[in-house]
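The values are calculated or read from the model by the stated rules, or taken from the named source; none is laboratory data. Note that this is a predicted model, so its numbers are computed, not measured. Cβ atoms come from the backbone with ideal geometry, glycine included; neighbour counts cover every protein chain shown. Ligands, DNA and RNA are excluded from the accessible area calculation, which covers all protein heavy atoms including side chains. Shrake-Rupley method; radii C 1.70, N 1.55, O 1.52, S 1.80 Å.
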Amino acid sequence: MDEQKLLYRIALTQINGIGRILGRNLVCMLGDEEAVFKENTNALQKIPGIGTQLIKEIRKPEPLKIAERELKFIRKNNIRTFFFTDANYPRRLKECADMPLLLYYKGNADLNSEKMLAMVGTRRAGVYGKSFCEKFIREVSRKYPETIIVSGMAYGIDIFCHRTALKNNLSTIGVLAHGLDRIYPYEHKESGREIIEQGGLITEYPSGTIPDKYNFVVRNSIIAGLTDATIVAESSAKGGSLITAEIANAYDREVFAVPGRWTDPSFHGCLNLIKKNKAVLLHCLADIEENLRWNNQKSSAPSFQQTQLCFSELSDEENRILTILANQETHINQLAIKTDIPLTRLAFLLLEMEFKHLLKPFPGGMYKKI
């Protein structure tokens, strides 16, 4: 990785007022992350969502100073990064409209592994919830040893699932609500070291970031987006793991909930998910196999006919874009004019089409059909 390029990628995430979606649109419209900092003011003002105040934030030296410090930390600790335009960026997260711009990762597990399950739940885990997790993870390890268990490193169900996965020789990934310079809660520090050796730790936040309350919601979106399905193993009616379940539903991922006794308040959240058809009742591994088609040994790779069908079902907007790009490499501004598609909408479409391998972006906001 070119360190200069990584410097601007980190700095982009540190600009006050620029989040996941706006940051992504900026990169798409300007061609690359460096252009965000070097483009002239007139050009920036023409981009929807960028006003005078935000341009002032972009021009401040602090984002680049933070990025320089983070580069040193990354080098010293052998941390890998994934930017949303990278080919090896976690493919499941790429399907999420609000995917993180940049991820920091310490570990050896494949983030694009074939089978990845999120397991979350209450911080006050009871005997039944733990018992279910232990039996379920043990069964998964015996039948599908390549499965990766993902959770949030929190007290209760989260850390219990991480430790049970380690005990059963499964890879496990902890998603953090802070930088990789610490483990929160501190009591899980030793488990964190083991997880790095037998999986990995991943976060959207640079070193020095403290675990603020809002960060945990952001962390939950990574847990849900990184996996095929989210399992809520135990949750009261207002448990924090229900947020992860809601996000997973929004991402169109499967959600499973373990049904406890209706008289047990610690399972009211699980029962409500099932009752409202927001989760599939999880009784055993067979439920996962059936719903995720794990027991279907046929290749998931699309056939030629399926691929042709996908392309024939492109939207009118996508077809207009491809018609123009069929003749020559074209700038995003010219595409907006020729297709009569607003820039904000066009930037989103271009990114989606890039993920479909229909076109390729080039520096300076240029695009070419593949």
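Kindly establish whether GLU194 is of a type in the set (Asp, Glu), open to solvent by less than 40 Å² (accessible area, probe 1.4 Å) and at pLDDT 95 or above.
So GLU194 does not fit the description; no.
Mind counting the residues in region 271-300 that are assigned to a helix (DSSP H, G or I), over 25 Å from ARG142 (Cβ atoms) and either of a type in the set (D, E, K, R) or touching a residue at least 24 places away in the same chain (Cβ under 8 Å) (or both)?
Adding up the residues that qualify gives 3.
Do we find that GLY260 is open to solvent by less than 40 Å² (accessible area, probe 1.4 Å), over 25 Å from ARG219 (Cα atoms), assigned to a loop (DSSP other than H, G, I, E, B) and in contact with a strand residue (DSSP E or B) (Cβ under 8 Å, 6 or more places away or on another chain) in this structure?
Answer is yes for this residue.
Residues in region 114-151 that are over 21 Å from ASN220 (Cα atoms) and of a type in the set (A, V, I, L, M): how many? Spell out how you get there, then give the answer.
Keep residues of region 114-151 that are over 21 Å from ASN220 (Cα atoms), which gives 126-128, 131-132, 134-136, 138-146.
When the remaining residues are screened for being of a type in the set (A, V, I, L, M), the result is 127, 140.
So the answer is 2.
Restrict the check to region 211-220 and report whether at least one residue is under 19 Å from ASN77 (Cβ atoms) and without any contact (Cβ under 8 Å) to a residue 40 or more places away in the chain.
Within region 211-220 (the criterion being under 19 Å from ASN77 (Cβ atoms) and without any contact (Cβ under 8 Å) to a residue 40 or more places away in the chain), the answer is yes, since at least one residue qualifies.
Here is a list: LYS65, LYS76. Which entry is closer than 27 Å to ASP110 by Cβ, more than 23 Å from the chain's Cα centre (by Cα) and open to solvent by 40 Å² or more (accessible area, probe 1.4 Å)? It would help to see each step written out before you state the result.
Numbers: LYS65 fails: closer than 27 Å to ASP110 by Cβ.
None of the others qualify; the one that does is LYS76.
Taking into account only those residues within region 263-289 that are β-branched (Val, Ile, Thr) and within 27 Å of the chain's Cα centre (by Cα), which is surrounded by the most Cβ atoms within 10 Å (Cβ to Cβ)?
Taking the candidates together, the pick is ILE288.
So which residues in region 83-93 are assigned to a loop (DSSP other than H, G, I, E, B) and touching an Asp or Glu at 6+ places or on another chain (Cβ under 9 Å), if there are any at all?
The initial filter retains those residues of region 83-93 that are assigned to a loop (DSSP other than H, G, I, E, B), namely 84-90.
Hit for region 83-93 is THR85, nothing else.
When the residues of region 21-39 are filtered to those that are within 16 Å of GLU57 (Cβ to Cβ) and not hydrophobic (A, V, I, L, M, F, W, C), which remaining residue is surrounded by the fewest Cβ atoms within 10 Å (Cβ to Cβ)?
Only one residue tops the list, namely LYS38.
Suppose we filter LEU103, LEU117 for residues that are crowded, with 23+ Cβ neighbours inside 10 Å and farther than 19 Å from ALA233 by Cα; which single one remains?
Result of the check over LEU103, LEU117: LEU103.
Of these, THR81, THR85, which one is over 27 Å from THR147 (Cβ atoms), of a type outside the set (Lys, Arg), touching a strand residue (DSSP E or B) at 6+ places or on another chain (Cβ under 9 Å) and open to solvent by 20 Å² or more (accessible area, probe 1.4 Å)?
THR85
Within region 39-54, can one find any residue that is within 22 Å of the chain's Cα centre (by Cα) and not in a helix (DSSP H, G or I)?
no
Restricted to region 1-15, and to residues that are polar (S, T, N, Q) and at pLDDT 95 or above, which residue is nearest to LEU101 (Cα to Cα)? Break it down into steps so the answer makes sense when it comes.
Initially, region 1-15 is screened for residues polar (S, T, N, Q), giving 4, 13-14.
Checking the rest, the ones that are also at pLDDT 95 or above come to 13-14.
Details: THR13: 7, GLN14: 11 Å.
Selected residue: THR13.
Which ranges mark the helices (runs of 4 or more DSSP H) fully within region 308-370 that have 2 or more residues being in contact with a strand residue (DSSP E or B) (Cβ under 8 Å, 6 or more places away or on another chain) and at pLDDT 85 or above?
Ranges flagged: 316-325, 332-339.
Which residue is nearest to LYS65 (Cα to Cα), if the candidates are limited to region 218-231 and must be in a helix (DSSP H, G or I) and either hydrophobic (A, V, I, L, M, F, W, C) or touching a His at 6+ places or on another chain (Cβ under 6 Å) (or both)?
VAL218
Just to be sure, is ASN215 assigned to a helix (DSSP H, G or I), open to solvent by less than 20 Å² (accessible area, probe 1.4 Å) and either of a type in the set (Ser, Thr, Tyr) or touching an Asp or Glu at 6+ places or on another chain (Cβ under 9 Å) (or both)?
For ASN215, the condition - assigned to a helix (DSSP H, G or I), open to solvent by less than 20 Å² (accessible area, probe 1.4 Å) and either of a type in the set (Ser, Thr, Tyr) or touching an Asp or Glu at 6+ places or on another chain (Cβ under 9 Å) (or both) - is met.
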